[in-house]
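Asks: Here's a structure for you.
The values are calculated or read from the model by the stated rules, or taken from the named source; none is laboratory data. Values in this document were obtained by computation on a predicted structure and should not be read as measured data. Note that we place each Cβ from the backbone using ideal geometry, even for glycine, and neighbour counts take in every protein chain shown.
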């Protein structure tokens, strides 16, 4: 994936401000070829079905990994609602339990939360990458994790985070303030503009 600077140069607008909206942990997980996508909580039925439709008939066994038992129950119910297709669903509450179930059930797809109580989602991905028999299993990260994990700001860049998430109108308001400031030559201090 090209950097924002490379993209701006390729588009012929190197001085135009860009606003990037990475998912939590995206930078770190993008280095792992096993991570094939993201679902952001709360996960809708439509998002889940769109994801599964993309995998087609090659997915029959799914491993759900999350430390929220209610979320595991909800996802299991949603996966059982398809009258045409029946998935075998296995649930793990902890990272180590997920690794144990990988050997026991050989899932076709892993839906993985990042924030687990023992071995976090990053650790699960790293262990799967390091284990030959698990490398082929695709992983979709399911997360509502706040903040941006290990995200390095671009030189002259700005990273916007908010614990409760950013609404599209807030992002637009913030982007407008940044563009107006850059057009007027104004500079913000270490704190971003208040929304």
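Asks: For region 97-106, name all the residues that are in contact with a helix residue (DSSP H, G or I) (Cβ under 9 Å, 6 or more places away or on another chain) and surrounded by 16 or more Cβ atoms within 10 Å (Cβ to Cβ).
Replies: Correct list: 98, 99, 102.
Asks: Oh, and also: Could you pull out the residue among 53, 46, 28, 9 that is part of a helix (DSSP H, G or I), over 26 Å from residue 85 (Cα atoms) and either at pLDDT 75 or above or touching a helix residue (DSSP H, G or I) at 6+ places or on another chain (Cβ under 9 Å) (or both)?
Replies: 28
Asks: Looking at region 75-92 only, could you name the residues that are out of contact with any helix residue (DSSP H, G or I) (no Cβ under 7 Å at 6 or more places or on another chain) and surrounded by 15 or more Cβ atoms within 10 Å (Cβ to Cβ)?
Replies: Across region 75-92, the qualifying residues are 75, 76, 79.
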